Amino acid sequence: MAKENILDKFTVFDLLNGASPDLSTEERLRPWRHNRSHSFRLPLLRIWDTFSGSQPDEHNKMNSRAPNKRLDNIESRRTSLATHINHEDWMPTPFVSFTSSPAAVNELAEWRKLRRGDQTLTAIDPSIRISNGLPILDLAAEMEHYDISNPYGKKDQYCIDHYVCLWQVTEDEIISHWKWDELAASENWYEDIVMPAFQNFSQSSIPKAEDSDLSKIMDRLSLHDESPDAASYLSEVPGTLSVGHNCFSENEFWVSDNSADEGCYYDGENEDWDTDDEVE
């Protein structure tokens, strides 16, 4: 990866496309780079413990179990997704799982702590991540696109509100970590604690593009010949030719009034939105 092993938009481009400034065939057909259409409205949440494979390190970043895996062809994408959703397959993948559903977090944390001990909740600001050029995927949408079967037979409920960050979650996007028992002592922990932290973080952490970003990317991708494919990619790199936050459809991040009855499917046996991230 890049200097100090911190994921950046240059590394993202390489891992999705290879060394050529032209986009790979699969990236043309199904872009996994950031989407800049709308603004995120909610944080993404991850519950983890000492057995989880993607925990914050000494630099407060969370690496996937395959932080350098290339995703520049259909086979690598399909195989990685199929492995990640199958919690019985321990092959490392380049994904770190999150959910936008507090109800899913509550259920999973309460069940896990009975057999795995203390739980910790991490919240990230997805708008900051996307503004830094780092991808997030809607797992259910990718499963549908790549025709990946649900291994648990819950087609209509599997992976609802399940999102994956590719390769690494950086310190810049992490809002905070909370001990679950302390957080859950508040009946309205999401509304009273997590959401205010998210709002304060978002207001104080809007990324500022460096003046030299454009020239750096031009040099990095050898765009002096104005390659139309790479130029198209460049036009969506935040802080260069476009301005503002980048994100998925805002409809994907609103929690409805009956959110306690929605969220990721969870039956006490299959940890549906947190699969490959567990240590063998």
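The values are calculated or read from the model by the stated rules, or taken from the named source; none is laboratory data. Since this is a predicted model, take the numbers as computed values, not measurements. Don't worry about glycine lacking a Cβ; one is built from the backbone with ideal geometry, like all the others, and counts go over all protein chains shown. Just the protein is used for accessible areas: all its heavy atoms, side chains included, with ligands, DNA and RNA removed. Shrake-Rupley method; radii C 1.70, N 1.55, O 1.52, S 1.80 Å.
Remarks
- Label separation (residue 197 vs residue 118): 1.5 nm, computed from points 7 Å beyond Cα along the C-beta direction.
- Sequence of 10, 51, 198 when ordered by accessible area, the most exposed leading, probe 1.4 angstrom: 51, 10, 198
- Accessible-area composition of the range 9-205, carbon plus sulfur, in percent [1.4 Å probe]: 46 percent
- Surface per residue (accessible, 1.4 Å probe) for the range 9-205, Å²: 42 Å²
- Ordering 190, 152 by accessible surface, largest first, gives 152, 190; the 1.4 Å probe counts only protein heavy atoms, with every chain in place.
- When 147, 181, 57 are compared by accessible surface with a 1.4 Å probe, the order from highest to lowest is 147, 181, 57.
- Taking the three principal axes of the alpha carbon atoms in the range 9-205, the coordinate ranges are 51, 41, 32 Å, sorted in descending order.
- In terms of its alpha-carbon gyration tensor, the range 124-183 comes out oblate; a/c meets the 1.5 threshold, while b/c is at least as large as a/b.
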